[in-house]
Amino acid sequence: MENNLLYLFKNPILMPALTGWAAAQLLKVLLIFLIQRKLDMTRFVGAGGMPSAHSAFVVAMATSLGLRYGWDSAVFAVGAALAMVVMYDAAGVRRAAGKQAARINEIIETLIASDKGLELKQEQLRELLGHTPMEVLAGALLGIAIAVAFCL
């Protein structure tokens, strides 16, 4: 069993994908530190932000599949299709959900501040869920670069 687990770390498709994810998450922490002068380690595991770790992960995987099995292979087609769905979801559905969470948080804060005797539970919804198109593109480019670097 132990030897089988070691094969995961040699997998030519999984390793670039995991490295893409880790690099994107590390870049989020570094960018927040450089811009806000604040070390926020929660950004290493959190969703949203620049660059998209979801995009880096799936694009590194799809690129690795293309480089290894050919751009005309069925496995690359599946990987590319998955990458498109994930990136669309990150920039579309999850981004919209984050915007809705921000509006709901504003409404609850306004209602609480109005002091009309309402008993509302003040639980903040997570707002940073999705990505801007630029964050998705940055993650995708990072994923491509990492997959190519693994193949060198």
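Nothing in this text is a laboratory measurement; each read-out follows from the coordinates by a stated rule. Since the structure is predicted, the reported quantities are computational estimates derived from the model, not experimental observations. Cβ atoms come from the backbone with ideal geometry, glycine included; neighbour counts cover every protein chain shown.
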message = In 5 Å bins starting at zero, report the fraction of Cα pairs in segment 22-72 per bin as a rounded %.
response = 5, 22, 23, 16, 11, 10, 8, 4, 2, 0
key: Exposed trypsin sites (Lys or Arg not before Pro) absent - longest run of the chain, DSSP non-H/G/I/E/B, at most 16 other C-beta within 10 Å   = 39-115
request  = Quote the FRET efficiency, to the nearest 0.05, computed for Q124 versus D72 with a Förster distance R0 of 35 Å and r equal to the Cβ-Cβ distance.
outcome  = 0.15
message = Taking the 0 to 90 degree range and rounding to the nearest ten, how far is the long axis of helix 53-69 tilted relative to the main principal axis of the chain, both from C-alpha atoms?
response = 10 degrees
request  = Compute the acute angle (0 to 90°) between the alpha-carbon long axis of helix 93-114 and the principal axis of greatest extent of the alpha-carbon atoms of the chain; round to the nearest 10°.
outcome  = 20 degrees
message = At 0.36 nm per residue, and after removing the present C-alpha to C-alpha distance, how many nm does the segment from A101 to A149 gain when stretched out fully?
response = 13.5 nm
ask   = Placing +1 at every Lys and Arg Cβ and -1 at every Asp and Glu Cβ, with all other atoms neutral, what dipole size does the chain have around its Cα centre, in debye to the nearest 20?
value = 220 debye
task = Return the sequence-ordered ³J(HN,Hα) values of segment 3-12 in whole Hz as given by the Karplus equation 6.51 cos²θ - 1.76 cosθ + 1.60 applied to θ = phi - 60°, using x for Gly and Pro.
result = 4, 5, 5, 5, 5, 4, 7, 10, 5, x
Segment L8-L26, length gained on full extension (0.36 nm per residue, minus Cα span) = 4.3 nm
